[in-house]
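One structure is given here, and the rest of the page talks about it.
The values are calculated or read from the model by the stated rules, or taken from the named source; none is laboratory data. Every value quoted in this text rests on a predicted model; they were computed, and no experiment measured them. Using ideal geometry, Cβ is built from the backbone for each residue, glycine included, and neighbour counts are taken over all protein chains shown. With ligands, DNA and RNA removed, areas are computed over all heavy atoms of the protein, side chains included. Shrake-Rupley method; radii C 1.70, N 1.55, O 1.52, S 1.80 Å.
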Amino acid sequence: MRLRPLVMAVAVTSALVVTPAQAAAPAGRVLGYVANNGGGVSVIDTATNAVSTTISDSGSNSPYMAAVAFDGTRGYVTNSQQNTLTVIDTPTNTVDRSIPVGTHPAGVAVAPGGGFAYVTNYLDGTVSVVDTATLTVTATVSVGSNADGVVVTRDGSAVYVTHDVPGPGKVSVIDTTANAVVATIPVGNAATAIAASADGTRMYVVNKGSDSVSAIDVASRTVVGTAAVGFTPHGIALTPNGTRAYVTNSEFDSVSVVDLTTMTELQKIVVGDRPISVALTPDGASAYVTNFNSNTVSIIDTASNTVTGSIAVGQRPVGIAINFVPPAASKLVSGTALLQLRLLGFTVRGLNATLTDKHTGVPVAGQKVVFRTVKGNPLCTATTNSSGKATCDSNVSLLVGLSTLLQGFTASYAGNNEHGGASSHGYITLL
């Protein structure tokens, strides 16, 4: 097995920012997913620029690429040694499934709307088409040797695949209705990474053997421009406004900033040792670069084009994707409380509710639960313990009324960036 072509494969799918349905809802998080060739996926919270968790992939080693579905609730990582695609539930950052694909999968891209994921199988020269509803491979498309980078057009009608072959490179175009190659576009030598412009009119291909980037017009399927960059380029990411590209130069330990209007290099930014992939935050304010030999991710401020920080991640980081991730769904289950009569009022004992993550069933501790009558009268507030249970007692005025209390209570959790809000109804019985 040739290590270099595999570890240098880059295919990061742009993410569509999903705005929470209600203005008052928790904002969610913008997370970066770093696939480490040495094993596991490091999850970076871009608000703190720290690794918040590490996800073990299906075989606990050799994940190569990372992509996040457009709705932000699924992540997909190719595992080259296991020949699988790991499916991650991103709100909880847990592994849902491992799907067998072809031999030495490298790149992965998700169709607009998230209906299909397309996986390039480097040694098979094929693309696996994965139905994301059933999480099964529904088709395998032969494309040619060393299938590497992959991206889907904005309208979902075509998939562009690069080929990391010595000498003149090419891009295969797959018609997604027929699942067949319908065109081949000549590009530079040893084409690897590919990215699509936000407006869907251009594809930009990194040619690591030519030290260049090719611009492809999607309508005509022809190369309409070429930009020279640094030595042995690998990854590429585009700004949301489509004016610039950030291209990693593996042997120069730098990132080239390319003006996409003139197809000229504006400057080089020094990063870590052997940069491979790059991804931008949804607002375009920051670029994150994986440094294979440094085991780090460099952070670039795109306004000043300077490195503002470095994050330690796993061993030999390769692929990276950044996306808005909504809060995980929560489940709140209320129990039964006891009503005791007292002088000039009532005491409700043992108001309780248990908060868990709806997807995993794991208790959610340290969160505030508010208890009220069914008519909205405040009862008490409690914090969930390690088992996710909140419990409290409440002294209630006679004015609230016995009939109201016997209708039960409402428990509510407002939610935060990690877990969405939830509510439930509980019962009150006479002691």
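The table that follows gives values for the structure above.
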quantity: Filter result (among the hydrophobic types (A, V, I, L, M, F, W, C) and either under 30 Å from Ile88 (Cβ atoms) or surrounded by fewer than 16 Cβ atoms within 10 Å (Cβ to Cβ) (or both)) within region 323-344; calculated: Phe324, Val325, Ala328, Ala329, Leu332, Val333, Leu338, Leu341, Leu343, Leu344
quantity: Residues that are open to solvent by less than 40 Å² (accessible area, probe 1.4 Å) and among the β-branched types (Val, Ile, Thr), drawn from region 348-385; calculated: Val348, Thr356, Val364, Val369, Val370, Thr373, Thr384
quantity: Residue count, region 233-247 (criterion: free of Cβ contacts under 8 Å to residues at least 60 places away in the same chain, out of contact with any Phe, Trp or Tyr (no Cβ under 7 Å at 6 or more places or on another chain) and surrounded by 19 or more Cβ atoms within 10 Å (Cβ to Cβ)); calculated: 4
quantity: Single residue of region 92-132 satisfying the filter (of a type in the set (Phe, Trp, Tyr) and assigned to a strand (DSSP E or B)) that is surrounded by the fewest Cβ atoms within 10 Å (Cβ to Cβ); calculated: Phe116
quantity: Qualifying residue in region 365-388 (condition: among the basic types (Lys, Arg) and more than 19 Å from Val333 (Cβ to Cβ)); calculated: yes
quantity: Count - residues of region 386-421 that are closer than 14 Å to Gly350 by Cβ and either hydroxyl-bearing (Ser, Thr, Tyr) or surrounded by fewer than 20 Cβ atoms within 10 Å (Cβ to Cβ) (or both); calculated: 7
quantity: Test: residue in region 211-220 that is touching a Gly at 6+ places or on another chain (Cβ under 9 Å) and open to solvent by 50 Å² or more (accessible area, probe 1.4 Å); calculated: no
quantity: Positions within region 274-288 being of a type outside the set (A, V, I, L, M) and either part of a loop (DSSP other than H, G, I, E, B) or under 14 Å from the mean Cα position of the chain (by Cα) (or both), in sequence order; calculated: Arg274, Thr281, Pro282, Asp283, Gly284, Tyr288
quantity: Whichever residue in region 156-178 is open to solvent by 10 Å² or more (accessible area, probe 1.4 Å) and in a strand (DSSP E or B) and, among such residues, is modelled with the lowest pLDDT; calculated: Pro168
